[in-house]
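Structure first, commentary second.
Computed from the coordinates by the stated procedures, all read-outs in this text should not be read as laboratory data. Remember, predicted model here, so these are calculated numbers, not experimental data. For neighbour counting, all protein chains shown are included, and Cβ atoms are generated from backbone atoms with ideal geometry for every residue, glycine included.
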C-alpha cells in the first residue's frame, strides 16, 4: 500500500481570528504539524490543499453579502491575503505538493483543485502510485468530508484521522462522519 497524507485547508481564515475561524483550529493545526514531523516516513507525499478565492466578484456565488453559512459564505481565503496563508504551524517545508482550489468558483474537495503547474490532485496521486490516503484538516463537515468522498469515488482507500480534524459544528461533523463511514471511509485516530 502506497500512502499519501492530505492536509485540508489549514489556513488562517479557518482558524481562530480568521473570517471563518473554527474553534479548535489553532490546536488542530499544531497537532497536524507535529504529526507530519513524526510520521513523515509513512507517506510517499504530503499534499496540502488551500482555498484560493479570487478577489474579483463573488466566486460563482460562493461569497454573499448575507451568507447562509451552508452554501454561501463571507469572503475568505482571498488570493494573496493573510487569511489565505497557511496557519503558522503549517510550514511549507513540511509539504511536498500544494493544491489550490476555488479560483472564481465554489470548491470544497481538494479534488477540485490544481497544483501551480496545472495538475489535478487525482493526477498527482496517480503519478505517485498512491492507493491510500489519510486525511486531516479543516473543516470536518465541509472540505474534509468532500475530499474524503471524492477520494473514495476515485478508487482510493481512505482514512480520516478524526483527532486531527476539526469541524464547524459538532452536529454536522457527526453527520459528516456518518456519511463518510457509510461511503466506505475509515475513521481513525492519529493518537490511538
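Tabulated data
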quantity	calculated
Mean residue ellipticity (222 nm) of the chain, computed from DSSP H runs ≥ 4 via -39,500 (n - 2.57), nearest 500	-7000 deg cm²/dmol
The chain: antiparallel DSSP beta bridges as a percent of all, rounded to 5	10 percent
Label-to-label distance, nm, for residues given as residue 131 and residue 79 (7 Å Cα→Cβ offset)	3.9 nm
Anisotropy class of the range 10-125 from Cα gyration tensor, a/c 1.5 cut	oblate
Rounded if a/c under 1.5, otherwise prolate or oblate - the range 71-164, Cα gyration tensor axes	rounded
Proxy reagent accessibility, fewest Cβ within 10 Å first, across 120, 45	120, 45
Extension gain from residue 69 to residue 34, taking 0.36 nm per residue of separation minus the Cα-Cα distance	9.5 nm
Residue order, fewest to most beta carbons within 10 Å, for 101, 23, 152	23, 152, 101
Proxy reagent accessibility, fewest Cβ within 10 Å first, across 123, 141, 150	123, 150, 141
